[in-house]
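Below is one structure, written out as structure tokens; comments come after it.
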């Protein structure tokens, strides 16, 4: 508070008899009585500010902001693993079915060739012509086996049912990096001290 030497009127009681002080903060004039009241009001505002700052600090420290986000990541991981395991199970079943079908088809042909060879050998009823035929059949059967079990795994590029998860900070309320988070009050501390000319 300073006395500016002019005859100002107290904003509280409209007293203009002199001795009014002007507040550096609000730039209003107060008589002696209301100067004390005004200083008490400022002190109450400061106490409220300190309390609000304390509550903000406690709220920030106590509230587990990160827990919900970690929970979402864990949920995404679980759902993705479930989808992968289900897809792998289907792929194993498909592979098992292909192998089973190929074995079943080849088994009949192998048994027929084996039966002919064994039967004709026991009866001693074969010639070079038969041997050449059976040799050719066995070669063909080898090629057929190779073709039947020529199976590969392939990733389906068009079906991506697992979406990647990313972490991104919302910039809606984010301060500009060049902007100071804490600014000094307009009136420095030494100006807040009451002064009188």
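Values in this text are rule-based calculations from the coordinates and carry no lab data. Everything numeric here is computed off the predicted structure, so don't read it as measured data. Here the Cβ positions follow ideal geometry from the backbone for every residue, glycine too, while neighbour counts run over all protein chains shown.
How far is it, in nm, from the label point at residue 101 to the one at residue 120 when both lie 7 Å from their Cα along the line to the Cβ?
3.2
Which length gain, in nm to one decimal place, applies between residue 57 and residue 108 when the Cα-Cα distance is subtracted from 0.36 nm times their residue separation?
10.4 nm
What do the square roots of 5 times the Cα gyration tensor eigenvalues come to for region 91-142, in whole Å, largest first, as semi-axes of the equivalent ellipsoid?
For region 91-142, the ellipsoid semi-axes come out as 31, 11, 5 Å.
Can you figure out the FRET efficiency of residue 43 with residue 70, using R₀ = 41 Å and their beta-carbon distance, to the nearest 0.05?
Efficiency, from the Cβ-Cβ distance: 0.40.
If I model a spin label as a point 7 Å beyond the Cα along the Cα-Cβ vector, how far apart are those points for residue 135 and residue 154 in nm?
Between residue 135 and residue 154, the label points sit 3.8 nm apart.
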